[in-house]
1. Would you say B:Phe32 is buried (at least 18 other Cβ atoms within 10 Å of the Cβ), in contact (Cβ under 8 Å) with a residue 24 or more places away in the chain and of a type outside the set (Gly, Ala, Ser)?
2. In the list A:Ile36, A:Ile25, A:Ile48, A:Ile8, which residue meets the criterion of being in contact with a Ser or Thr (Cβ under 9 Å, 6 or more places away or on another chain), closer than 22 Å to B:Gly225 by Cβ and not small (Gly, Ala, Ser)?
3. Kindly provide the set of residues from segment A:48-88 that are aliphatic (A, V, I, L, M) and within 11 Å of the chain's Cα centre (by Cα), ordered by number.
4. Considering only segment B:109-152, state which residues are aliphatic (A, V, I, L, M) and in contact with a helix residue (DSSP H, G or I) (Cβ under 7 Å, 6 or more places away or on another chain).
5. Out of (1) away from chain A (no Cβ under 14 Å); (2) crowded, with 17+ Cβ neighbours inside 10 Å; (3) over 18 Å from B:Leu303 (Cα atoms), the odd one out for B:Asp163 is which?
6. Please report, ordered by residue number, the strands (runs of 3 or more DSSP E) entirely within segment B:92-190 with at least 3 residues that are β-branched (Val, Ile, Thr) and closer than 30 Å to B:Lys5 by Cα.
7. So how many residues does segment B:79-114 have that are within 19 Å of B:Leu66 (Cβ to Cβ) and over 39 Å from the mean Cα position of the chain (by Cα)?
8. Given the options B:Leu266, B:Leu283, name the one that is in contact (Cβ under 8 Å) with a residue 24 or more places away in the chain and exposed (fewer than 12 other Cβ atoms within 10 Å of the Cβ).
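The values are calculated or read from the model by the stated rules, or taken from the named source; none is laboratory data. From a predicted model like this one, the values you see are computed outputs, not experimental measurements. Reconstructed Cβ throughout: ideal geometry from the backbone, glycine too, with neighbour counts over all protein chains shown.
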Amino acid sequence: MIEKKVRIINKAGMHTRPASQLVKIAAKYKADFYIIKDGFQINGKSIIGVMSLAAEEGSELTLKFDGPDEKSAASEIIKFFEEGFGEP
Amino acid sequence: MHKLKKILKSIKEVKKESITVDFFYNAAKERFKLTKLTEGNNGLERIIRDKHIHRPGLALAGYTGLFTYDRIQILGNTEMRYLRQLPASKRTQSLKKFFSFEIPCICLTFNNKPSEEFLELANKRNIPVFITPLETTKFAYFINDFLDDQFSAQIALHGSFVDVYGVGLFFHGRSGIGKSEIALDLVERGHRLVADDLVMVSKKADGILMGTGTDLVKHFMEIRGLGIIDVRSVFGIRAIRFQKRVEVIVNLEEWDSRRHYTRTGLDNETIEILGVELPFIRLPIFPGKNITVISEIIALNYLSKHYGFDPAKALSDKLDQAIKNKSKGKLQVGRSVDYLEHDFE
């Protein structure tokens with residue numbers, strides 16, 4: 001299992017576009033992917049789950065990856081966060 | 001171990017550490033008919049950490065050992081009448097001592113108006129005072145229940161949560177197995193959706209779990225291939241509800257020929273969520289199986305058991321009886337009707 005803390009750095013936060021992109025990336029992998037915010041753990045492969053986090057700029061999330069391809073899942077998803085979802 | 005049980009073990013429950021008096025007041029003012037007597041926003045930033053309440057009779061009488069001042073203080077007829085009958089100097093002394101503690105807030109019941117001195121001290125010390133027409137026991141019960149809920153354990157669980165014939169069925173299963181589609185089908189048949197995909201589950205009292213949707217998502221739902229739909233706007237108010245007791249966990253799983261599924265329903269499996277044991281049903285699915293109808297039966301069967309009739313046990317008892325009779329030579333395998341008459345019904 002891989003656990004990593006990330007921060008939302010783009011201005012608009014995790015709105016619909018990055019949220020849907022995130023679940024698309026996560027769905028490619030076998031590994032389970034969870035996001036923890038405010039103590040609540042949600043499934044990172046569920047669009048409704050990711051959107052209900054309403055993660056704004058500056059908020060801190062914990063990402064959890066668990067499964068056979070967790071390493072590649074983690075590296076792609078963490079990169080996506082670190083790039084601010086490709087947004088300013 | 002079952003996957004859901006593994007997930008439940010890995011999730012930490014969330015509990016609020018504290019609420020502000022402001023939050024309490026805003027949530028309680030209409031429900032419990034509270035009116036604020038102190039000036040402006042004085043002391044509303046104070047923190048409530050304890051889910052219990054306190055009636056400070058002894059503290060007012062002068063004994064402040066073990067005084068749980070950090071709870072909401074409720075003053076009813078007894079306390080107020082006691083204060084009223086005290087000689088002025090004693091009363092001042094008692095109130096000064098009482099208000100020297102960092103009390104989060106004070107609630108006066110039965111519309112017991114406080115003296116000017118009381119309010120003056122409260123304002124000076126920035127301790128909010130509220131008044132309610134409710135009687136003390138009733139008010140204390142409401143506040144206890146409210147605080148119990150505020151400080152209760154919560155978790156977020158993935159699944160679809162539907163009220164089927166008044167029974168809260170929680171559908172769990174891997175993503176893409178069709179939970180939302182089943183929920184939609186149940187709504188179509190007149191049942192009510194509580195939440196889809198993400199359900200906030202809270203423990204309410206011992207042995208009771210309540211589920212609701214999240215504030216943001218409410219009755220939105222994702223259907224693969226369609227995207228996001230809003231059940232409330234499509235089906236109207238009859239198709240939704242905002243909260244429901246979680247009563248049965250239905251786990252949807254692919255048919256696995258190596259697994260033993262219950263054939264009688266006598267061997268009831270349960271699952272523990274937030275310390276509450278709930279019936280756990282493993283429902284194998286395969287094409288052509290109508291999960292919606294089976295879900296309705298699950299709900300009706302649950303109700304039937306709740307009202308004292310367990311079909312599996314009933315048939316099992318009948319079998320026992322039949323075997324007993326047979327050993328006396330009375331019964332043989334045969335028709336349930338002795339003589340088939342002409343109407344062929």
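1. Yes; evaluated as a whole, the condition is true for this residue.
2. It is A:Ile48.
3. A:Val50, A:Met51, A:Leu53, A:Ala55, A:Leu61, A:Leu63, A:Ala73, A:Ala74, A:Ile77, A:Ile78
4. B:Leu121, B:Ala122, B:Ile127, B:Val129
5. Single failed check for B:Asp163: (3).
6. By residue number, B:154-164.
7. 2
8. Of the residues listed, the single one that is in contact (Cβ under 8 Å) with a residue 24 or more places away in the chain and exposed (fewer than 12 other Cβ atoms within 10 Å of the Cβ) is B:Leu266.
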